[in-house]
Structures are given as C-alpha cells and as structure tokens.
C-alpha cells in the first residue's frame, strides 16, 4: 500500500486506516528529522523534527524551538501546531484523517520540535543513563544540542530564535532561554 495514495482504505492488523492524504497538497512542506549526538556522551542523541517555514521569506523567518516537556514534541506536531493535523473519527472508530493545518506555526517561522530532556520521546540514552533534572545540567544539554543543530543547519544561524512549550516545558523554557541570552 502506498501511504501517499489518496482515499485508500486498509484493514491491516485489525485496525482500519483511511488515508486521505493528497500528496500534491503536502509536497511543498519541507520536513527534516533526525538525531543530534550529545557532546556529553556519545550514546546520547536528541531527536528532532524540523518543519521549515512555508512563507516566501523562509530564508529569513525566525526559528521556533518547541518543547513538550512531559512527552514527545511530536504530540504538538501531529495534534496542535504542526503543518498537518491528525483528525480522529468519532469515539469507537480507530480511523483518522490527515489534513493540512492552514494555521500551522510554520506558516511564518521554521519550527523545531525537540524531544527534550534526554530520554523524552524518541531521544535516546544509554541503558545505565542517569536522568538529569538539575537546571544547570539541562541548560548544558540544550546548549550543546543547539550548537550541534546550528553546525548541521548553518542556514539558521543569526535568525531570531523563540523557545515555546507546554506541560512540564513551562519550567524548562525560561531556564533554557536564560542559557542562550
């Protein structure tokens, strides 16, 4: 089954999946995803998904870092402010629709969805990992991530930077913003 084929119905593994994704509607969205290795430990990787700005000024639009804090930042990407929304069918039905989010935050900025702190979402850590909770430790993790990100994506250097989040990120955002100011 081609996942980008519009109006496809499938019953695989007992789940009903309706795919109404029209590829031509979404192909102009530039999404990049990957891992940035931590400088503190070679076995630690921060997961990110970057939704680049849709605007005609995308080369100079600001960069927004989105943190969830208590779960993967992909929650916001898929259900709140990302370029596409998963809209679920009424209760009792596991089907959903994928629609373009015309009010996405990447309409006028590039949005970096970051699974932070380490161990959150798809960010990985070694088996004997000791979770870091102290502000200074989290500041260093974020700072080293941003240095790594800017070295991989130098086109974002010098742009305005905003840090947003919800949930437990309400504590992280001011701490991390203080780190880079």
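The values are calculated or read from the model by the stated rules, or taken from the named source; none is laboratory data. Here the structure is a predicted model, which is why all the values come from computation and not from measurement. Virtual Cβ from ideal backbone geometry, glycine too; neighbours counted across all protein chains shown.
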Verdict on residue 120 being at pLDDT below 80 and under 18 Å from the mean Cα position of the chain (by Cα): yes
Flag if residue 53 is touching a residue at least 12 places away in the same chain (Cβ under 8 Å) and crowded, with 21+ Cβ neighbours inside 10 Å: yes
Matching option when the condition is surrounded by 13 or more Cβ atoms within 10 Å (Cβ to Cβ) and modelled with pLDDT of 90 or more, among 114, 138: 114
Restricting segment 65-74 to residues that are surrounded by 21 or more Cβ atoms within 10 Å (Cβ to Cβ) and out of contact with any helix residue (DSSP H, G or I) (no Cβ under 6 Å at 6 or more places or on another chain), the residue that is farthest from residue 153 (Cα to Cα): 73
Residues satisfying the stated conditions in segment 149-172, i.e. in a helix (DSSP H, G or I), within 17 Å of the chain's Cα centre (by Cα) and at pLDDT 90 or above: 149, 150, 152, 156
Those residues of segment 103-128 which are part of a loop (DSSP other than H, G, I, E, B) and touching a helix residue (DSSP H, G or I) at 6+ places or on another chain (Cβ under 7 Å), in sequence order: 116, 117, 118, 121
Qualifying residue in segment 125-144 (condition: touching a strand residue (DSSP E or B) at 6+ places or on another chain (Cβ under 7 Å) and within 25 Å of residue 52 (Cβ to Cβ)): no
Given (1) farther than 24 Å from residue 170 by Cβ; (2) assigned to a loop (DSSP other than H, G, I, E, B); (3) modelled with pLDDT of 50 or more, number of the condition residue 25 does not satisfy: (2)
